[in-house]
Amino acid sequence: MDAKRKQIALLAAAGLFLAIAGPAQQAHAQYGVGGNPTTAPSEEQLQKCDEYSIPRAQCTENAILAIERVKSAEKTQYGNDPEGSGTSLLATQAGQTWVFLGVLGAIFGGVAAAFFVRGKGTRTP
């Protein structure tokens with residue numbers, strides 16, 4: 001009778017799995033619900049591809065969006081400058097950097113001193 005219970009439990013688990021996993025929908029993360037990356041481009045997309053010099057065989061919405069993203073980045077204040085954004089890491093002037101480092105040293109030093117004083121006051125059993 002023990003084997004019969006195992007079979008029933010296995011069938012119940014399989015039925016539960018099929019009930020949960022069966023109606024699950026596929027995810028279409030990049031192309032939207034029911035989207036197909038191989039569908040023919042629209043007339044508007046073909047005009048954009050001609051404007052951006054994208055070959056018609058490679059004309060997709062993703063190709064158009066990639067070109068527009070690059071063009072948008074080039075229009076920003078800093079563009080595609082290899083020197084970076086122009087914002088320094090710590091401060092804009094050398095004197096401010098030393099003030100910033102002094103404040104950090106005081107904060108971390110104060111915390112370390114507090115732990116040191118607190119640790120000296122404890123007794124070991």
Would you confirm whether any residue within the stretch 25-32 is surrounded by 10 or more Cβ atoms within 10 Å (Cβ to Cβ), out of contact with any strand residue (DSSP E or B) (no Cβ under 6 Å at 6 or more places or on another chain) and modelled with pLDDT under 85? yes
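One line per residue, one yes/no per condition, for (1) surrounded by 10 or more Cβ atoms within 10 Å (Cβ to Cβ); (2) modelled with pLDDT under 65; (3) not in a helix (DSSP H, G or I):
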site: Ile64; (1), (2), (3): yes, no, no
site: Ile67; (1), (2), (3): yes, no, no
site: Ser88; (1), (2), (3): yes, yes, yes
site: Gly95; (1), (2), (3): no, no, no
site: Val99; (1), (2), (3): yes, no, no
So which of Ala40, Ala12, Ala57 is outside any helix (DSSP H, G or I), modelled with pLDDT of 70 or more and out of contact with any Ser or Thr (no Cβ under 7 Å at 6 or more places or on another chain)? Ala40
Checking Ile107 against (1) at pLDDT 85 or above; (2) within 32 Å of the chain's Cα centre (by Cα): exactly one of these is not met. Which one? (2)
When Tyr52 is run through (1) in contact with a Phe, Trp or Tyr (Cβ under 9 Å, 6 or more places away or on another chain); (2) modelled with pLDDT of 85 or more; (3) of a type outside the set (A, V, I, L, M, F, W, C), the failure sits at (1)
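The values are calculated or read from the model by the stated rules, or taken from the named source; none is laboratory data. Just so it is clear, the structure is predicted and the values come from calculations on it, not from any experiment. For neighbour counting, all protein chains shown are included, and Cβ atoms are generated from backbone atoms with ideal geometry for every residue, glycine included.
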